[in-house]
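The structure appears right after this line, and notes come after that.
The values are calculated or read from the model by the stated rules, or taken from the named source; none is laboratory data. Keep in mind that this is a model prediction, so the values were computed, not measured. When we count neighbours, we look across all protein chains shown, and the Cβ atoms used for this are built from the backbone with ideal geometry, even at glycine. The area values use the complete protein model at the heavy-atom level, side chains included, leaving out ligands, DNA and RNA. Shrake-Rupley method; radii C 1.70, N 1.55, O 1.52, S 1.80 Å.
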Amino acid sequence: MKKVAFYTLGCKVNQYETEALIGIFEKEGYDVVDFNEVADVYVINTCTVTSLGDRKSRQIIRRAKKTNENSIVVVTGCYAQTASEEVAGIEGVNLVLGTKDRNKIIDYIKEIEEDRKTINAVGDIMKAREFEEMSVDTYKDRTRAYLKIQEGCSQFCAYCIIPYARGPIRSRQPQNIIDEVRKLADSGFKEIVLTGIHVASYGKDLKNTSLLDIIEKVHEIEGIERIRLGSIEPTTITEEFVSRVKNLEKLCPHYHISLQSGCDETLKRMNRKYDTAKFREVVRRLRDNIKDVAITTDIMVGFPGETEEEFNQSYKFVDEISFAHAHIFKYSRRKGTPAAQFANQVPPQIKEERSKMLIELSARKTLEYNKSFEGRIMPVLYEQEDTEGYIEGLTPNYIRVKVRGDEGLKGKIADTRLTAAVNDYMLGEIC
(Lines give C-alpha, C1' and ligand atoms only; values in the text may rest on other atoms or scores of the structure.)
Protein backbone atom coordinates (compact mmCIF):
# COMPACT_ATOMS: atom_id res chain seq x y z
CA MET A 1 0.00 0.00 0.00
CA LYS A 2 1.28 3.45 -0.89
CA LYS A 3 1.89 5.89 1.94
CA VAL A 4 1.21 9.62 2.15
CA ALA A 5 2.18 12.12 4.86
CA PHE A 6 0.88 15.65 5.47
CA TYR A 7 2.24 18.80 7.10
CA THR A 8 -0.05 21.79 7.60
CA LEU A 9 1.01 25.35 8.35
CA GLY A 10 -1.25 28.32 9.02
CA CYS A 11 -4.93 28.80 9.67
CA LYS A 12 -8.00 26.68 10.39
CA VAL A 13 -8.96 26.84 6.71
CA ASN A 14 -5.68 25.12 5.85
CA GLN A 15 -6.41 22.46 8.47
CA TYR A 16 -9.82 21.84 6.95
CA GLU A 17 -8.36 21.57 3.46
CA THR A 18 -5.72 19.10 4.65
CA GLU A 19 -8.45 16.92 6.17
CA ALA A 20 -10.23 16.98 2.81
CA LEU A 21 -7.01 16.03 1.00
CA ILE A 22 -6.50 13.14 3.43
CA GLY A 23 -9.92 11.84 2.41
CA ILE A 24 -8.99 12.03 -1.29
CA PHE A 25 -5.84 9.98 -0.74
CA GLU A 26 -7.58 7.42 1.47
CA LYS A 27 -10.23 6.84 -1.20
CA GLU A 28 -7.37 6.17 -3.61
CA GLY A 29 -6.03 3.48 -1.25
CA TYR A 30 -3.19 5.38 0.40
CA ASP A 31 -2.17 4.77 4.00
CA VAL A 32 -1.74 8.06 5.92
CA VAL A 33 1.43 8.08 8.05
CA ASP A 34 3.24 10.56 10.26
CA PHE A 35 5.24 13.20 8.43
CA ASN A 36 8.48 11.95 10.00
CA GLU A 37 7.97 8.49 8.52
CA VAL A 38 9.04 7.26 5.10
CA ALA A 39 6.24 7.93 2.62
CA ASP A 40 5.71 7.77 -1.11
CA VAL A 41 4.07 11.21 -1.20
CA TYR A 42 4.54 14.21 1.09
CA VAL A 43 1.97 17.00 0.97
CA ILE A 44 2.93 20.35 2.53
CA ASN A 45 0.02 22.78 2.92
CA THR A 46 1.71 26.16 3.20
CA CYS A 47 1.04 29.58 4.70
CA THR A 48 2.25 32.98 3.52
CA VAL A 49 0.72 35.42 6.00
CA THR A 50 4.19 36.28 7.28
CA SER A 51 7.75 35.85 6.02
CA LEU A 52 8.17 33.31 8.83
CA GLY A 53 5.46 31.20 7.21
CA ASP A 54 7.36 31.23 3.92
CA ARG A 55 10.63 30.25 5.61
CA LYS A 56 8.99 27.46 7.61
CA SER A 57 7.37 26.12 4.44
CA ARG A 58 10.77 25.89 2.69
CA GLN A 59 12.29 24.09 5.67
CA ILE A 60 9.53 21.48 5.71
CA ILE A 61 9.80 20.92 1.95
CA ARG A 62 13.52 20.14 2.26
CA ARG A 63 12.93 17.90 5.28
CA ALA A 64 10.46 15.74 3.35
CA LYS A 65 12.91 14.98 0.55
CA LYS A 66 15.62 14.07 3.05
CA THR A 67 13.31 11.47 4.62
CA ASN A 68 12.76 9.77 1.26
CA GLU A 69 14.71 11.09 -1.71
CA ASN A 70 12.52 9.06 -4.08
CA SER A 71 9.26 10.51 -2.80
CA ILE A 72 6.91 12.86 -4.61
CA VAL A 73 6.74 16.20 -2.81
CA VAL A 74 3.57 18.24 -3.27
CA VAL A 75 3.43 21.88 -2.16
CA THR A 76 0.00 23.48 -1.94
CA GLY A 77 -1.63 26.40 -0.14
CA CYS A 78 -1.04 30.14 -0.02
CA TYR A 79 2.74 30.26 -0.37
CA ALA A 80 2.50 27.95 -3.38
CA GLN A 81 -0.15 30.22 -4.90
CA THR A 82 1.71 33.50 -4.47
CA ALA A 83 5.22 32.25 -5.32
CA SER A 84 4.71 29.23 -7.55
CA GLU A 85 7.88 29.69 -9.61
CA GLU A 86 9.95 30.13 -6.47
CA VAL A 87 8.45 26.99 -4.93
CA ALA A 88 8.86 25.00 -8.15
CA GLY A 89 12.53 25.94 -8.10
CA ILE A 90 13.14 24.41 -4.67
CA GLU A 91 15.12 21.21 -5.10
CA GLY A 92 12.95 18.14 -4.63
CA VAL A 93 9.54 19.71 -5.34
CA ASN A 94 7.52 17.67 -7.84
CA LEU A 95 4.10 19.35 -7.81
CA VAL A 96 3.06 22.91 -7.03
CA LEU A 97 -0.66 23.24 -6.46
CA GLY A 98 -2.05 26.55 -5.18
CA THR A 99 -5.39 27.29 -3.58
CA LYS A 100 -7.67 25.76 -6.19
CA ASP A 101 -7.93 22.54 -8.23
CA ARG A 102 -6.87 20.47 -5.21
CA ASN A 103 -9.35 17.77 -6.27
CA LYS A 104 -7.05 16.98 -9.23
CA ILE A 105 -4.11 16.09 -6.99
CA ILE A 106 -4.20 12.32 -7.63
CA ASP A 107 -4.25 12.82 -11.42
CA TYR A 108 -1.19 15.05 -11.19
CA ILE A 109 0.64 12.52 -9.00
CA LYS A 110 -0.04 9.72 -11.48
CA GLU A 111 1.37 11.92 -14.23
CA ILE A 112 4.52 12.56 -12.18
CA GLU A 113 4.90 8.83 -11.41
CA GLU A 114 5.10 8.15 -15.15
CA ASP A 115 7.87 10.60 -16.08
CA ARG A 116 9.04 12.25 -12.78
CA LYS A 117 8.69 15.76 -14.18
CA THR A 118 7.90 18.82 -12.09
CA ILE A 119 4.40 20.21 -12.58
CA ASN A 120 3.43 23.77 -11.71
CA ALA A 121 -0.37 23.66 -11.74
CA VAL A 122 -0.94 27.10 -10.22
CA GLY A 123 -3.38 29.27 -12.18
CA ASP A 124 -4.70 32.83 -11.88
CA ILE A 125 -6.66 32.78 -8.62
CA MET A 126 -8.14 36.21 -9.32
CA LYS A 127 -10.27 34.62 -12.04
CA ALA A 128 -11.81 32.06 -9.69
CA ARG A 129 -15.57 32.47 -9.30
CA GLU A 130 -16.80 29.15 -7.90
CA PHE A 131 -16.31 27.68 -4.42
CA GLU A 132 -14.20 24.54 -4.68
CA GLU A 133 -15.99 21.68 -2.92
CA MET A 134 -13.62 19.78 -0.63
CA SER A 135 -15.86 18.08 1.89
CA VAL A 136 -14.50 16.24 4.92
CA ASP A 137 -16.08 12.87 5.67
CA THR A 138 -14.32 12.26 8.96
CA TYR A 139 -11.86 13.91 11.32
CA LYS A 140 -9.22 11.83 13.02
CA ASP A 141 -8.77 12.34 16.77
CA ARG A 142 -10.96 15.46 16.85
CA THR A 143 -13.96 16.35 18.97
CA ARG A 144 -15.05 19.44 17.06
CA ALA A 145 -15.13 19.94 13.34
CA TYR A 146 -14.03 22.93 11.31
CA LEU A 147 -16.33 23.54 8.38
CA LYS A 148 -15.15 25.76 5.54
CA ILE A 149 -18.11 27.68 4.17
CA GLN A 150 -16.37 30.53 2.34
CA GLU A 151 -13.30 31.23 0.24
CA GLY A 152 -11.44 34.38 -0.78
CA CYS A 153 -11.33 37.98 0.40
CA SER A 154 -12.05 41.30 -1.31
CA GLN A 155 -11.09 43.62 1.56
CA PHE A 156 -7.52 44.36 0.38
CA CYS A 157 -6.14 45.61 3.67
CA ALA A 158 -2.85 47.38 2.96
CA TYR A 159 -0.68 44.78 4.73
CA CYS A 160 -2.39 41.55 3.67
CA ILE A 161 -1.29 39.11 0.99
CA ILE A 162 -4.32 36.82 1.42
CA PRO A 163 -6.59 38.38 -1.28
CA TYR A 164 -3.79 37.65 -3.77
CA ALA A 165 -3.41 34.09 -2.45
CA ARG A 166 -7.08 33.20 -2.21
CA GLY A 167 -8.79 35.36 -4.82
CA PRO A 168 -12.25 36.98 -4.71
CA ILE A 169 -15.01 35.88 -2.33
CA ARG A 170 -16.82 32.62 -3.13
CA SER A 171 -19.49 31.09 -0.92
CA ARG A 172 -20.34 27.45 -0.50
CA GLN A 173 -23.86 26.43 -1.47
CA PRO A 174 -26.11 26.24 1.64
CA GLN A 175 -27.32 22.70 0.92
CA ASN A 176 -23.75 21.40 0.70
CA ILE A 177 -23.01 22.96 4.09
CA ILE A 178 -26.10 21.40 5.64
CA ASP A 179 -25.33 17.99 4.17
CA GLU A 180 -21.81 18.01 5.62
CA VAL A 181 -23.00 19.20 9.04
CA ARG A 182 -25.50 16.33 9.15
CA LYS A 183 -22.73 13.84 8.33
CA LEU A 184 -20.59 15.28 11.11
CA ALA A 185 -23.49 15.14 13.57
CA ASP A 186 -24.08 11.49 12.63
CA SER A 187 -20.39 10.84 13.32
CA GLY A 188 -20.79 12.14 16.88
CA PHE A 189 -19.37 15.66 16.64
CA LYS A 190 -20.85 18.05 19.20
CA GLU A 191 -19.33 21.30 17.96
CA ILE A 192 -19.06 22.83 14.50
CA VAL A 193 -16.77 25.78 13.77
CA LEU A 194 -17.89 27.78 10.72
CA THR A 195 -14.79 29.15 9.09
CA GLY A 196 -13.52 30.76 5.91
CA ILE A 197 -10.92 33.18 4.61
CA HIS A 198 -13.35 36.07 5.24
CA VAL A 199 -16.35 34.29 6.71
CA ALA A 200 -18.23 37.57 7.22
CA SER A 201 -18.56 37.77 3.41
CA TYR A 202 -20.48 34.51 3.24
CA GLY A 203 -23.50 34.80 0.92
CA LYS A 204 -22.55 38.09 -0.71
CA ASP A 205 -22.03 36.30 -4.02
CA LEU A 206 -25.16 34.14 -3.66
CA LYS A 207 -28.83 34.98 -3.90
CA ASN A 208 -31.13 34.98 -0.87
CA THR A 209 -28.68 33.81 1.78
CA SER A 210 -26.27 35.30 4.33
CA LEU A 211 -24.03 34.30 7.20
CA LEU A 212 -26.96 34.78 9.58
CA ASP A 213 -29.15 32.52 7.47
CA ILE A 214 -26.60 29.69 7.41
CA ILE A 215 -26.01 29.94 11.17
CA GLU A 216 -29.76 29.55 11.75
CA LYS A 217 -29.95 26.57 9.39
CA VAL A 218 -27.06 24.79 11.12
CA HIS A 219 -28.71 25.58 14.46
CA GLU A 220 -31.69 23.42 13.46
CA ILE A 221 -29.63 20.26 12.89
CA GLU A 222 -30.10 17.62 15.59
CA GLY A 223 -26.99 16.28 17.28
CA ILE A 224 -25.01 19.49 16.99
CA GLU A 225 -24.84 21.13 20.41
CA ARG A 226 -22.45 23.98 19.68
CA ILE A 227 -21.79 26.32 16.79
CA ARG A 228 -18.71 28.52 16.85
CA LEU A 229 -17.73 31.24 14.41
CA GLY A 230 -14.29 31.87 12.99
CA SER A 231 -12.84 35.37 12.88
CA ILE A 232 -15.28 38.07 11.79
CA GLU A 233 -15.12 41.79 11.09
CA PRO A 234 -16.62 44.36 13.49
CA THR A 235 -18.86 45.62 10.67
CA THR A 236 -20.64 42.23 10.80
CA ILE A 237 -21.95 42.83 14.32
CA THR A 238 -24.97 44.96 13.42
CA GLU A 239 -28.07 45.43 15.57
CA GLU A 240 -29.89 42.95 13.34
CA PHE A 241 -27.08 40.41 13.74
CA VAL A 242 -27.18 40.60 17.53
CA SER A 243 -30.98 40.55 17.69
CA ARG A 244 -31.04 37.31 15.67
CA VAL A 245 -28.12 35.47 17.28
CA LYS A 246 -28.76 36.29 20.93
CA ASN A 247 -31.55 33.71 21.11
CA LEU A 248 -29.64 30.93 19.35
CA GLU A 249 -28.74 28.69 22.29
CA LYS A 250 -26.26 26.58 20.32
CA LEU A 251 -24.24 29.54 19.09
CA CYS A 252 -21.27 29.96 21.41
CA PRO A 253 -20.96 33.36 23.14
CA HIS A 254 -17.49 33.84 21.71
CA TYR A 255 -16.68 36.38 19.01
CA HIS A 256 -13.22 36.73 17.56
CA ILE A 257 -13.33 40.24 16.11
CA SER A 258 -10.22 41.44 14.35
CA LEU A 259 -9.03 44.83 15.68
CA GLN A 260 -5.47 45.06 14.25
CA SER A 261 -4.89 48.48 15.88
CA GLY A 262 -6.49 50.65 18.53
CA CYS A 263 -5.38 53.86 16.78
CA ASP A 264 -7.60 55.45 14.13
CA GLU A 265 -4.72 56.87 12.10
CA THR A 266 -3.10 53.45 11.89
CA LEU A 267 -6.40 51.85 10.91
CA LYS A 268 -6.76 54.32 8.05
CA ARG A 269 -3.33 53.45 6.68
CA MET A 270 -4.19 49.78 7.01
CA ASN A 271 -7.32 50.34 4.88
CA ARG A 272 -9.52 48.85 7.58
CA LYS A 273 -13.23 49.59 7.21
CA TYR A 274 -13.96 50.85 10.75
CA ASP A 275 -12.56 53.07 13.48
CA THR A 276 -12.18 52.64 17.23
CA ALA A 277 -15.56 54.27 17.93
CA LYS A 278 -17.27 51.68 15.71
CA PHE A 279 -15.33 48.87 17.38
CA ARG A 280 -16.23 50.16 20.86
CA GLU A 281 -19.92 50.27 19.89
CA VAL A 282 -19.78 46.68 18.62
CA VAL A 283 -18.25 45.49 21.90
CA ARG A 284 -20.92 47.31 23.91
CA ARG A 285 -23.66 45.80 21.74
CA LEU A 286 -22.41 42.27 22.35
CA ARG A 287 -21.83 42.70 26.07
CA ASP A 288 -25.25 44.30 26.59
CA ASN A 289 -27.09 41.47 24.84
CA ILE A 290 -25.16 38.21 25.25
CA LYS A 291 -24.47 36.73 28.67
CA ASP A 292 -20.88 35.70 29.47
CA VAL A 293 -19.70 36.76 26.01
CA ALA A 294 -15.99 36.44 25.30
CA ILE A 295 -14.50 38.87 22.82
CA THR A 296 -11.11 37.91 21.44
CA THR A 297 -9.04 39.63 18.78
CA ASP A 298 -5.89 40.01 16.69
CA ILE A 299 -3.59 43.01 17.13
CA MET A 300 -0.67 43.98 14.92
CA VAL A 301 2.31 46.00 16.12
CA GLY A 302 4.85 47.84 14.03
CA PHE A 303 2.71 48.69 11.02
CA PRO A 304 4.60 51.19 8.81
CA GLY A 305 4.39 54.67 10.26
CA GLU A 306 3.26 53.49 13.72
CA THR A 307 4.73 56.15 15.99
CA GLU A 308 5.18 55.80 19.72
CA GLU A 309 2.09 57.99 20.19
CA GLU A 310 0.02 55.78 17.86
CA PHE A 311 1.18 52.66 19.67
CA ASN A 312 0.30 54.20 23.03
CA GLN A 313 -3.19 54.99 21.74
CA SER A 314 -3.54 51.39 20.61
CA TYR A 315 -2.28 50.09 23.95
CA LYS A 316 -4.78 52.24 25.87
CA PHE A 317 -7.64 51.09 23.67
CA VAL A 318 -6.76 47.43 24.20
CA ASP A 319 -6.56 48.09 27.94
CA GLU A 320 -10.00 49.75 27.83
CA ILE A 321 -11.73 46.98 25.87
CA SER A 322 -10.30 44.18 28.06
CA PHE A 323 -10.34 41.31 25.59
CA ALA A 324 -10.73 37.78 26.91
CA HIS A 325 -7.72 36.95 24.76
CA ALA A 326 -5.67 38.78 22.14
CA HIS A 327 -3.32 37.31 19.56
CA ILE A 328 -0.43 39.76 19.19
CA PHE A 329 1.75 39.65 16.09
CA LYS A 330 4.37 41.83 14.43
CA TYR A 331 3.86 43.40 11.02
CA SER A 332 5.61 41.41 8.31
CA ARG A 333 6.46 43.08 5.02
CA ARG A 334 4.81 41.15 2.19
CA LYS A 335 5.92 41.77 -1.39
CA GLY A 336 2.99 42.80 -3.58
CA THR A 337 1.02 44.57 -0.84
CA PRO A 338 0.71 48.38 -0.66
CA ALA A 339 2.20 48.53 2.84
CA ALA A 340 5.44 46.96 1.61
CA GLN A 341 6.13 50.25 -0.19
CA PHE A 342 5.13 52.53 2.69
CA ALA A 343 7.72 54.85 4.17
CA ASN A 344 8.70 54.74 7.85
CA GLN A 345 9.02 50.98 8.24
CA VAL A 346 9.32 50.23 11.96
CA PRO A 347 12.65 48.68 13.11
CA PRO A 348 12.52 45.05 14.31
CA GLN A 349 13.65 45.87 17.87
CA ILE A 350 10.79 48.36 18.32
CA LYS A 351 8.30 45.80 17.01
CA GLU A 352 9.66 43.32 19.52
CA GLU A 353 9.34 45.76 22.43
CA ARG A 354 5.77 46.69 21.50
CA SER A 355 4.84 43.06 21.01
CA LYS A 356 6.08 42.15 24.49
CA MET A 357 4.13 45.01 26.05
CA LEU A 358 0.86 43.96 24.45
CA ILE A 359 1.43 40.27 25.16
CA GLU A 360 1.88 41.11 28.86
CA LEU A 361 -1.26 43.27 28.84
CA SER A 362 -3.25 40.58 27.07
CA ALA A 363 -2.13 37.94 29.58
CA ARG A 364 -3.31 40.14 32.47
CA LYS A 365 -6.68 40.71 30.82
CA THR A 366 -7.15 37.01 30.12
CA LEU A 367 -6.42 36.20 33.77
CA GLU A 368 -8.91 38.87 34.90
CA TYR A 369 -11.58 37.50 32.58
CA ASN A 370 -11.02 33.92 33.75
CA LYS A 371 -11.04 34.94 37.43
CA SER A 372 -14.53 36.40 36.96
CA PHE A 373 -15.78 32.83 36.37
CA GLU A 374 -14.26 31.23 39.47
CA GLY A 375 -16.92 29.21 41.27
CA ARG A 376 -19.20 29.08 38.22
CA ILE A 377 -20.50 25.80 36.78
CA MET A 378 -20.02 25.71 33.00
CA PRO A 379 -20.48 23.03 30.32
CA VAL A 380 -17.08 21.98 28.95
CA LEU A 381 -16.43 20.01 25.78
CA TYR A 382 -13.39 17.87 26.63
CA GLU A 383 -10.95 17.29 23.81
CA GLN A 384 -7.54 15.98 24.80
CA GLU A 385 -5.17 14.89 27.55
CA ASP A 386 -2.17 17.08 28.30
CA THR A 387 1.32 15.95 29.29
CA GLU A 388 0.53 16.26 33.01
CA GLY A 389 -2.47 13.95 33.03
CA TYR A 390 -5.19 16.60 32.84
CA ILE A 391 -8.08 16.43 30.39
CA GLU A 392 -8.53 19.75 28.59
CA GLY A 393 -11.61 21.29 27.08
CA LEU A 394 -13.41 24.52 26.29
CA THR A 395 -16.41 26.29 27.73
CA PRO A 396 -18.85 27.85 25.23
CA ASN A 397 -17.10 31.20 25.77
CA TYR A 398 -13.70 29.73 24.99
CA ILE A 399 -12.19 29.38 28.45
CA ARG A 400 -9.74 26.49 28.45
CA VAL A 401 -10.39 24.19 31.41
CA LYS A 402 -8.27 21.37 32.84
CA VAL A 403 -9.59 18.63 35.12
CA ARG A 404 -8.24 15.43 36.55
CA GLY A 405 -10.04 12.69 34.71
CA ASP A 406 -9.76 9.86 32.24
CA GLU A 407 -9.95 9.42 28.48
CA GLY A 408 -13.66 8.62 28.85
CA LEU A 409 -14.33 12.36 28.98
CA LYS A 410 -12.95 12.96 25.50
CA GLY A 411 -15.64 14.11 23.11
CA LYS A 412 -18.18 14.66 25.88
CA ILE A 413 -19.72 17.81 27.31
CA ALA A 414 -19.70 17.76 31.11
CA ASP A 415 -20.83 20.33 33.67
CA THR A 416 -17.70 21.53 35.43
CA ARG A 417 -17.11 23.80 38.40
CA LEU A 418 -14.37 26.28 37.57
CA THR A 419 -12.24 26.42 40.69
CA ALA A 420 -9.18 28.56 39.93
CA ALA A 421 -7.77 30.74 37.16
CA VAL A 422 -4.19 29.86 36.24
CA ASN A 423 -2.61 32.05 33.58
CA ASP A 424 -4.54 31.39 30.36
CA TYR A 425 -6.62 28.44 31.60
CA MET A 426 -8.75 27.38 34.57
CA LEU A 427 -8.73 24.35 36.81
CA GLY A 428 -12.03 22.62 37.32
CA GLU A 429 -13.92 19.75 38.91
CA ILE A 430 -16.54 17.60 37.21
CA CYS A 431 -19.91 18.12 38.89
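The tail of the calculated P(r) for the stretch 1-73 beyond 18 Å holds 39 percent of all Cα-Cα pairs. Protection proxy ranking for 371-380, 66-75, using the average of other Cβ atoms within 10 Å per residue and placing the highest first: 66-75, 371-380. The DSSP beta bridges internal to the chain are antiparallel in roughly 35% of cases. Taking 4.7 Å between beta carbons as the limit, the unpaired Cys residues of the chain are 11, 47, 78, 153, 252, 263, 431. If the cut-off is a Cα-Cα distance under 21 Å, which lysines reach residue 273, setting aside same-chain residues fewer than 8 apart in sequence? Here the lysines satisfying the reach criterion relative to residue 273 are 204, 316, 330.
When 6, 241 are compared by accessible surface with a 1.4 Å probe, the order from highest to lowest is 6, 241. Packing here is the average count of other Cβ atoms within 10 Å per residue, and on that basis the peptides 29-37, 162-170, highest first, run 162-170, 29-37. When the P(r) of the stretch 84-149 is calculated, the portion above 14 Å amounts to 67% of the C-alpha pairs. Taking all protein chains together and rolling a 1.4 Å probe, residue 186 ends up with roughly 140 Å² accessible. The share of accessible area on the stretch 190-247 that comes from carbon and sulfur is 40 percent, using a 1.4 angstrom probe.
Qualifying trypsin sites (Lys or Arg not before Pro) in the stretch 172-244, where qualification requires a DSSP coil assignment and no more than 16 other C-beta atoms within 10 Å, comprise 204, 207. Residues whose amide H comes within less than 5 Å of that of residue 301, counting only those at least five positions distant or on another chain, are 329, 330, 331 (H built at 1.01 Å from N in the peptide plane). Summary value for the chain: 10 percent relative contact order, contacts being C-alpha pairs under 8 angstrom separated by 6+ residues. Spread over its residues, the convex hull of the C-alpha atoms of the stretch 151-217 is 96 Å³ per residue. Only helices enter the 222 nm calculation for the chain: every DSSP H run of n ≥ 4 contributes -39,500 (n - 2.57), and dividing by all residues gives -10500 deg cm²/dmol, rounded to 500.
Taken per residue, the accessible surface of the stretch 266-323 reaches 42 Å², heavy atoms only and a 1.4 Å probe. Straight Cα distances below 19 angstrom link residue 268 to the aspartates and glutamates 233, 281, 298, 306, 308, 309, 310, with same-chain residues fewer than 8 positions distant left out. Taking a straight Cα-Cα cut-off under 15 Å and skipping sequence neighbours fewer than 8 places away in the same chain, the aspartates and glutamates within cross-link reach of residue 104 are 17, 26, 28, 113, 132, 133. Other residues with beta-carbon under 14 Å from the beta-carbon of residue 243 carry, at +1 per Lys or Arg and -1 per Asp or Glu, a net charge of -1. What shape does the stretch 114-234 have by the C-alpha gyration tensor, where a ≥ b ≥ c are the square roots of the eigenvalues, rounded means a/c under 1.5, and otherwise prolate means a/b greater than b/c and oblate the rest? It is oblate, given that a/c is not under 1.5 and a/b is not larger than b/c.
Largest first and in whole Å, the equivalent-ellipsoid semi-axes of the chain read 34, 28, 22, each the square root of five times a Cα gyration tensor eigenvalue.
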